[in-house]
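What follows is calculated from the coordinates using simple rules that are stated; it is not laboratory data. What you are looking at is a predicted structure, and each value in this text was computed from that prediction instead of being measured. Please note: Cβ atoms are built from the backbone with ideal geometry, for glycine as well, and neighbour counts cover all protein chains shown.
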Amino acid sequence: MRDLLRFLGALLVGALLMGGSLALGLFLLLQGEEALKEALLQVARAKAPLLLLLLFLFLGVLALLLRPLFLGYLAAARALGQEGAVLLTNPGHRLKLRGPLELQALADLINRLAEEKERLLQEAEARAKEARALLEEEREKLSALIGHLPQGVVVANARGQVLLYNPKARALLGEGLGAGKSLFGLLDRALLVHALALPGERFLAQGPKGALRLQALPLEEGFLLLLEPEEEGAALPEDLLFRLKDKAAGLKALVEALEGEVPAGLTPLLRAARAAAEEVAGLAEALAPPPRAEEVLSEDLLRLLSEAIERGLGYAPGQSLAEEARGLLVRVDTFALARGLLEGLKPLGEAVWLRGEAMGGLFRLEVLAEEAPTPTPLLGKAVGEAGGSLWREGTRLVLLLPARPVPKRVREEGPPPRAEVFDLSLLEAPKALEEAPLGGLLYTAFDLETTGLNPREDRIIALGAVHLLGRRVLKGETFEALLDPGRPIPKASTEVHGLTWEMLKGKPRLEEVLPAFMAFIEETVLVAHNGAFDMAFLRQAGVEKTPLVDTLLLSHLLFPDLEDHRLEALAERFGVPVLGRHTALGDALMTAEVFAKMIPLLEGKGYRTLGAVLRACAGLPLARLRY
């Protein structure tokens, strides 16, 4: 409509110029010819309707003749600008010389400028190659180092977003671990905060794939996690072990009761029975699992409990530590102890005091309040697993915990050592997803292969996905799965993707693979080409995830006057290699590369946030298509 109004405006201006020129010419010709002027005016008055009809007919014919030329010129100029924008991300692209001669000349000039830019970029690339090679060598050394460590290693920023990890960490934490994703969805946030306060201690944690031991070390702008699987020992079940201890204690008590009652001749037999009872009791103690607790300095224990109460209940308790109790290593699971203590203090007032004392080889911790806190099951378990005991005494709760004296820990002064990490400026997390900058998000580009085109009747037979961090495609973080559809695949579909039922028999079913795929796409924004089709199939499987960025819609948004919006055409336009076409992972990788090239063009058009892009795409007619 805007182009049509521009054309009508230009036609009106042209008509006014022509009419004005004609009137001026007649005026000059008729100077001094009064009789001729009067005759022409009479003819004009008499034939006015006919003259007006001829004028409108002339303008209509002129409009019909000029409209295709005018609008075609505008369309060619717009297409030249849209295709020229591709040079911003792909300097190797060249504009086709088409349209009017002046536009061809302009396209040729742009191509020559692009060649000069490409030459300069190649020179800059050559100069930077050595620096990148050195950096890559250091990265490879770091990757090789952490890759061969027996522990899982994860480096995260202060917000808990993953920056770097090794294969062992992926094996322990599962598909949900990925660059840019949050650790707080995989491990207890409170436990991580607690572990960071004790960087020298190891804690038992529950991960997505089972129990593990973790140690957290603070870095300058984040932290490092060391992970190990929790090794289950060969200890007897707790109920069987309790019964064994109970029987041994009963046998020992029976022997003691009979010592003064049996005849003298049976005394040797009684001594043998006593020795057997003591041996069974010792064996039961030996079979008991070791306490699942770590040692912590008494000063750190009071500080950690005070901080936990302040975080959980909103007030800071008072505390005191006897001089002789300083420098004691107390054996207890501090995290479980803090959680259990919080449960007992919740119903009470804010007048709470923590007091620590030394009692031989034990550490006596008193929790004073308006009334004695309740010894909750969690608190009792933490104390019991450490080999201690607890009881209520007036308005205080008393805990006795195993302890041993050690030299005071010498704390190093100064900032912690600087960690070697990659360029991670893209990981600044925005507060709201809609206002998030396009270059600051974690995406998952994905693609499906199916048995047909009907989401209600056909089945998914292949899933492929890859992560993008802003404009950087993380080719090391991919997901690929072939699926058994449970029925034959039509020949027409096999001709597209090359998959047959014989190839897929025995592969996992979709419901078996879906949990791992959901973990892979968690905390990411989905990207797909013609994503409405793929999402229709995923919805049939119960997957509802938004938002979705569709490169097909983005192509129409960026290049409305270009005709070819296929994925192959976009890849060729942006200089992306077309590899593995019509395989799920191959198409996902191609979509990721194309989207990465589109980001600077979108930002150049003013679409700088995810919300702006989604709103612009929602206004396109193609966005209303449903499958």
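Side notes on the structure shown:
- Relative to the current alpha-carbon distance between Ala211 and Ala569, full extension at 0.36 nm per residue lengthens the span by 124.0 nm.
- Per-peptide average of other Cβ atoms within 10 Å, ordering 475-481, 590-596, 100-106, 548-554 highest first: 590-596, 548-554, 475-481, 100-106
- Length-normalised contact order of segment 295-405 in % [C-alpha pairs under 8 Å, at least 6 apart]: 27
- Estimated from the Cβ-Cβ distance and a Förster radius of 35 angstrom, the FRET efficiency linking Lys507 and Arg456 is about 0.95.
- Counting DSSP beta bridges with both ends in segment 424-623, the antiparallel % (nearest 5): 75
- Scaling against 2.2 N^0.38 Å puts the C-alpha radius of gyration of segment 424-623 at 1.02.
- Quotient of Cα Rg and 2.2 N^0.38 Å for segment 295-405, N being how many residues it contains: 0.94
- Alpha-carbon centroid distance for the pair segment 290-360 / segment 105-176, whole angstrom: 45
- Sorted peptide list for 504-512, 381-389, criterion being average Cβ within 10 angstrom, highest first: 381-389, 504-512
- Candidate aspartates and glutamates - alpha carbon under 13 Å from Lys141, same-chain residues fewer than 8 apart omitted: Glu420
- Within straight-line cross-link reach of Lys129, aspartates and glutamates at Cα separation under 15 Å, skipping those fewer than 8 residues along the same chain: Glu137, Glu138
- Relative contact order of segment 149-229, pairs being alpha-carbon contacts under 8 Å that are 6 or more residues apart, as %: 33
- Sequence ranges 435-444, 117-126, ranked by mean other-Cβ count within 10 angstrom, highest first: 435-444, 117-126
- Net charge in the neighbourhood of Asp458 (other residues with Cβ under 12 Å of its Cβ; Lys, Arg +1, Asp, Glu -1) is +1.
- Residue pairs, from the table Lys181/Lys597; Lys168/Lys597; Lys181/Lys381, whose Cα atoms sit over 27 Å apart: Lys168/Lys597; Lys181/Lys381
- Contour excess over end-to-end distance, with Cα ends at Glu323 and Leu50 and 0.36 nm allotted per residue: 86.6 nm
- Three-way shape call for segment 149-229 based on the alpha-carbon gyration tensor, with the a/c threshold at 1.5: rounded
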